[in-house]
1. Would you grab the residues whose amide H sits under 5 Å from the one on Ile48? Only those 5+ places off in sequence or on another chain, please, with H modelled 1.01 Å from N.
2. Using per-residue counts of other Cβ atoms within 10 Å, averaged over each peptide, order 75-85, 13-23, 123-133 from highest down.
3. Ordered by residue, what ³J(HN,Hα) values in Hz, to whole numbers, does the stretch 95-110 give under the Karplus form 6.51 cos²θ - 1.76 cosθ + 1.60, where θ = phi - 60° and Gly and Pro are x?
4. Going by how many other Cβ atoms sit within 10 Å of their own, how do Val207, Val72 line up, fewest first?
5. For the residues Leu38, Leu237, what sequence is obtained by ranking on other C-beta atoms within 10 Å, fewest first?
Amino acid sequence: MPVAGTLRAMWPALTIVLPAFDEEDALPLTVERVRAFLAAHVADPELIIVDDGSRDGTPALVDRLAAAHPEVVGLHLDRNRGMGAALQAGYAAAQKAWVTMLPSDGQIDPASLVQFFDRARRTGADLVTSVYRNRRYTPYRKALSVGLRLLTAAVVGTRARTEGTYIVRRAVLRDLGAKSDSFMLTLEIPIRAKRFGYRVETVAIDVHPRVAGQSKAATPGRIAATFRELVALRIELERERLRR
């Protein structure tokens with residue numbers, strides 16, 4: 001993968017969380033790339049790999065990686081609980097001033113984070129989200145994506161402009177109190193950030209083919225579950241507004 005840019009200065013402190021479910025084939029190369037990026041661009045790095053109840057060799061691989069590299073932390077969920085739950089576990093354990101997530105399948109080049117760093121520095125943003133500029137959607141996937149954005153705006157009243165990863169100040173992430181244990185977490189974080197008045201910026205990044213394994217893409221059932229969570233989030237946000 002091409003390097004996305006050159007950092008003019010090291011980023012001070014960053015935790016990268018990798019949620020991993022049955023990713024034993026993709027994880028070694030992804031971790032190698034992430035570690036190389038952290039060594040080159042982050043002064044105080046941390047990499048947390050969260051095994052989401054994997055059924056293959058991922059749990060043992062996570063333990064080996066954590067034992068071999070001091071900046072790597074391995075966590076295990078007792079069963080497959082979904083991407084949001086894995087991220088929540090990683091975020092709770094994060095120790096650095098800024099936090100981000102990357103997929104374990106290698107579809108997002110760690111070098112893309114350079115754009116997030118630069119945008120945060122220039123604007124003073126508390127959260128930088130991303131959209132994909134090169135993803136080619138099938139008509140089915142495009143309909144699901146557009147429908148989800150419309151549902152978010154209609155139900156919550158805020159458009160969450162995010163498709164890929166994001167970086168967020170750890171103190172802000174904890175203040176947001178995001179609760180979702182599902183895919184909905186990636187929407188809940190920017191929705192809450194905007195509602196709470198934090199500065200949110202967006203960058204465009206490229207998405208790449210998986211390193212290995214099969215896609216665990218969105219399904220109609222997953223979208224339906226997200227809609228139910230959007231409604232629950234709207235109710236929760238209104239309760240929080242009344243309490244403030």
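1. Under 5 Å from the amide H of Ile48 lie the amide H atoms of Ile16, Val17, Leu18, Val73, each far enough along the sequence or on another chain.
2. Values: 75-85: 16.6, 13-23: 24.4, 123-133: 18.5.
Sorting 75-85, 13-23, 123-133 by mean packing, highest first, produces 13-23, 123-133, 75-85.
3. Along the stretch 95-110, the couplings run 10, 9, 5, 10, 10, 9, 10, 9, x, 6, 7, x, 6, 10, 5, x Hz.
4. Val207, Val72
5. Values: Leu38 22, Leu237 18.
Ascending Cβ contact count within 10 Å gives the list Leu237, Leu38.
Where a number appears in this text, it was derived from the coordinates with a stated rule and is not lab data. All values reported here derive from a predicted model rather than from experimental measurement. No Cβ is skipped: glycine too gets one built from the backbone with ideal geometry, and neighbour counts run over all protein chains shown.
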